[in-house]
Every structure is written in C-alpha cells, then in structure tokens.
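First the structure, in the form of structure tokens, and then the observations on it.
Any read-out appearing in this document is the output of simple, stated calculations on the displayed coordinates, not a laboratory observation. Given the structure is predicted, the values throughout are model-derived calculations rather than measurements. Cβ placement follows ideal geometry from the backbone for every residue including glycine, while neighbour counts extend to all protein chains displayed.
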Amino acid sequence: MSIGIVDVGIGNIGSLRNAVLSQGWDVVSVQAEDDLEAITHLLLPGVGAFGAAMEQLARAGLVEPIRRFAMAGRPLMGICLGMQLLADRGAEGGDAAGLALIPGQVVAMTHSHLPLPHVGWNEAHQLRPHPVLRGIRDDIDFYFVHSFRLAAGDATAVLAETEYGERFPSIVAKGSVIGTQFHPEKSQTNGLRMLDNFCAWDAAC
Amino acid sequence: MLKRRIIPIELLSGGRLVKTRGFHDPRDVGDPVKSSKVYSDQDADELVLLQIDREGRQLVALVEAVTRIAEYCFVPLTAGGGISSLDDAAGLFTAGADKVLLNSITYRDRSVLTRIAERYGRQAVVAGIDVREEEGRFVLYSRCGRQRESVTLGAHVADVVAAGAGELMIQSIDRDGMMQGYDLGLLRKVVAASPVPVIAAAGAGHFLHLKEAFDAGADGAACGSLFNFGDNNPLRAKSFLKNQGIPLKRI
C-alpha cells in the first residue's frame, strides 16, 4: 500500500503526513498526474477558500485525474476543505465547480447566534456503518475548523452529522470516496483510527 | 455542542520543558517532545507551547520544537513566545502549529494580529494577556512579565479582539506555579468583556480549580504545574470533571 497526499499548496500537509506515518503507512506526495500511478489510496486535505483551491488543483492538472482515480474505484478521502471539494459546487470565494464526486453544494453556515468559524471538539452522530468507521463509537468528538458546510444533494451519501446551530454532514461517502469535515489528523486516537481504516480500505464495500 | 477543553501548557527554555513560579526561577521538568506525546495520548484537547527564552535565536528554537512535537502529537497545537511578524507566524504554521499566541507585540503593533488573521483565519490567532494585581487593580505586563503596560485590561481585550484575535489566554503572573487556583475575579472580568473564547491559565493545582474556571466562563483551562508535578494527567482530570457535569469530548 502506498498512500498519496495531494500537495499543491491548498493546505498544510505536515500534520496529515505525520498522522498517516504514525500508523505505519508509506506516504507519497502527489503534485502531478504521474504521481497517482504508484499509489493505492489518495488523501485530499485542504484549508482556505473553495474557488482558490479548485484553481490550484486545475493549475496542477489534477482535477480530471483525481476524478478518474475515484471513478475507477480507488479509495479517495477528502479532509475539511478537501471534503467540500468533492461536492458539485462551492460558494466560498465566488461560485466554482467542484470534483462532483459527492452530490451537493457547499454553502456558508448561516445561524446567527453562534460564532463562526465553528472551531473545536464536536460530536459526529453516525447514521450508517462504513468500513472506515470500524471501531469508532457513535457520538465521538472530532476537531472541527470551518465556516462553510456541505448541503448534501443525496441523503444516502451522508454517513454522519454534527450539530452546530444546524445539523450538517460531517462525514460523507459514496463508492470509493469518503470525506470528513473535521480533521482526523488532529482528532487523536479516533482520528488516527479513521485514517488507519481508510488506508486499509479496499473500497469494495 | 462544543466541548470545554483541558490544555496542558508547556514552557520551553533551552530546548527543555521548564516550569516557573511567578514567571521566575524556571525549573527543568523534562523533555518537551516526550511530554507532548504523553499529553496527546492521554486525551489532552490541545497543547500550548510557549518559548520563554528571550535571547538570540528563540524563534528558530520554537520552530524546531514545534516540528519535532508535531511528529507525535495529534491534537491542535498553539505556539508562542517572541512572535512579532506574519513571517514568524508563517514559520510556525508550516512547522505544524494550528494557532499562534502573541503577547508583547500586541502592545506595540496590533496590525500583526490582523495580518495573521487575514491569512490564516481568526481561529488561528490567540492573544496572550499577562496580568499582575497591584493595589486591587489589574495591571498588564508584556515581555514575560518584565514590562509594565499602561493600557487597561478592558481596553486591551477590546483592542486585540478588534484587531483579529480569535481567542484569549489570560494568565495571572501572581498565580503562576502557585497551584492555589486561578484568579477567578480576573477570569470573570475577561470573560464578561470578551466576545471570543477565553482560556484560563496560571494557578491550577487541583482538578476542582479546573471546574471553577469552567464555572467562571472559561472555554479552556490551561495547566502547567498540575500535570508537570505528581501523577495527574488530562485523563484523570477529565474523569473528575465529567462527574461534575462539565461537557468534555468523548474518546
């Protein structure tokens, strides 16, 4: 197994790399299409604005290759903004097309009474089992930092929801693709277990 | 619901973990990488690393420490001590910090807070505020307690939040290392004045002190001596606090 991490300047990949290494997996930096050949699993981390991140992926020539990677049934995991990029469209920093692997749009969180961004430890209420959630109990807390949320276009793609003024999808999955709104690499034991489960996942569901 | 946080605070000097009393007399209490790994494994919610050396290459040393600690530490990391520019902060973020803590520079040039918040988000910017009580008044100090500032506590809280701080860490210099409890009067005053989350620091010597800080409105309770000395750890603190009804993350 060889775990690729998309490394095109849309997020700080150091923590994620350390987390995957700590579980005993090999990590490869993915900066161009050729890098996808040798890997078995692909992690897509990201922080910042949706539109700018898609531009960075496009500049690296990775948008279609990542789509083909996932549609061929190879495991892809998006983290934080990386999860949002899996959606059809995003509104942060101007309307932009996403990777269109998980149906839905990314919209601003709008509740008025709670501060944004949503930062801190909050619970993921699991709706369905999934191989990547194996060994992780329901209602476990994970570490969140975000101001936008996915408005899911397909309820069956939502694996877990979290409450912060409103309920929003905190884990999504479809086929060989999974995404977490929170940061598993900053979520201690349970986050590391999720990453380990992902790296061991054959996506055959 | 967001959870209250237990935050071990680690003071770094000469590459070692130290503990002070009243900001003086640093005592060696171990290796920061080892202790950070233990804290991360023992259910700490976050770690704060503060470089207290003020000579020479202290920022380089802090970047080195963060880099090494981030290899073993899978909870959010806050780093501070001598940060005075966006570039200083950028180096720490690249090394693996999730937040930076600024103190002395917030009295000289608050635009640094703004520039960091614009690039990394306000949630990544923590303003550290050190306070001594003098004749019944709260007086602010910078440069690790060495320089007296004239601005009032209320005005400074408003200023740093307006400039971009997304969180405050309030520290009583008098209580540092004394293990007699947080300065709750100071904490309540800051909580009442602050629209952003407040972390209480300096004074925790018993798990009950953590409950007092949460009851006074703190979002996070930072602990140095409590975990540096004796066999207390975040896991034990949390089992005590859960029984007291404090909302904490589940593991």
Taking H placed 1.01 Å from N in the peptide plane, check which residues at least 5 places from B:E10 or on another chain put their amide H under 5 Å from its amide H. B:V48, B:L49, B:L50
Please give every one of the aspartates and glutamates within straight-line cross-link reach of B:K189, meaning a C-alpha to C-alpha distance under 20 Å, and leave out same-chain neighbours fewer than 8 residues apart. B:D130, B:E133, B:E134, B:E135, B:E149, B:D159, B:E167, B:D174, B:D176, B:E212, B:D215, B:D219
Quickly work out the A:L116-to-A:A91 label distance, labels modelled 7 Å from Cα along the C-beta direction, and quote it in nm with one decimal. 0.8 nm
If you count, for every residue in B:66-75, the Cβ atoms of partner chains within 10 Å of its Cβ, what is the mean? 5
Work out the FRET efficiency for A:R134 and B:E64 from their Cβ-Cβ distance, taking R0 = 56 Å, and round it to the nearest 0.05. 0.90
Taking the Cβ of each residue in B:T152, A:T162 as the centre, tally the other Cβ atoms inside 10 Å and list the residues starting with the fewest. B:T152, A:T162
How large is the convex hull of the C-alpha atoms of segment B:1-104 per residue, in Å³? 114 Å³
Stretch B:R148-B:K242 to full length: gain in nm at 0.36 nm per residue minus the Cα-Cα span? 29.9 nm
Per-pair calculated FRET efficiency, R0 = 56 Å: B:I251 and B:E134 via Cβ, rounded to 0.05: 0.85
Which far-off residues, 5 or more places away or on another chain, put their amide H under 5 Å from the one on A:G78, with H placed in the peptide plane? A:L44, A:I178, A:G179, A:T180
State log₁₀ I(q)/I(0) for segment B:5-243 at q = 0.09, 0.10, 0.11, 0.13 Å⁻¹ as given by the Debye formula over alpha-carbon point scatterers of equal weight, solvent excluded. -0.32, -0.40, -0.49, -0.70
Residue order, fewest to most beta carbons within 10 Å, for A:C199, B:C223: A:C199, B:C223
Debye equation applied to the C-alpha atoms of segment A:58-142, log10 I(q)/I(0) at 0.11, 0.12, 0.19, 0.21 Å⁻¹: -0.42, -0.50, -1.10, -1.20
Sort all Cα-Cα distances of the protein assembly as shown into consecutive 10 angstrom bins from zero, then give the percent of pairs in each bin up to the one containing the longest distance. 4, 22, 32, 25, 13, 4, 0, 0
Sorted by chain and then number, the residues having a modelled amide H within less than 5 Å of the amide H of A:V106, at least 5 places away or on another chain, are A:R89, A:G90, A:A91, A:A151
Of the options A:Q105, A:L195, A:L36, report the single residue whose Cα projects farthest towards the positive end of the charge dipole of segment A:3-200 (beta-carbon charges: Lys, Arg +1; Asp, Glu -1). A:L195
Find the all-direction average of the projected area of the Cα convex hull for segment A:1-102, expressing the result in square nanometres with one decimal place. 5.7 nm²
Using each residue's phi in segment A:147-157, evaluate 6.51 cos²θ - 1.76 cosθ + 1.60 at θ = phi - 60° and report the 3J(HN,Hα) Karplus result to the nearest Hz, with x for Gly and Pro. 10, 10, 9, 7, 9, 5, x, 9, 4, 6, 7
Counting residues in segment A:87-205 as N, plug N into 2.2 N^0.38 Å and put the Cα Rg over that result. 1.03
For segment A:3-200, just run the numbers: alpha carbon Rg, then divide by 2.2 N^0.38 Å, N being how many residues it has. 0.93
How do B:K242, B:K99, A:K174 rank when sorted from fewest to most other Cβ atoms within 10 Å of their own Cβ? B:K242, A:K174, B:K99
Answer in debye to the nearest 20: the dipole magnitude of the protein assembly as shown about its Cα centre, from +1 Lys/Arg and -1 Asp/Glu charges placed on Cβ, is 660 debye
³J(HN,Hα), Karplus 6.51/-1.76/1.60, whole Hz, each residue of segment B:201-207, x for Gly, Pro: 9, 6, x, 5, x, 8, 4
Applying the Karplus parametrisation 6.51 cos²θ - 1.76 cosθ + 1.60 with θ = phi - 60° to the phi angles of segment B:99-109, what ³J(HN,Hα) value in whole Hz is obtained for each residue in order, glycine and proline being reported as x? 9, 10, 10, 10, 10, 4, 5, 5, 8, 9, 8
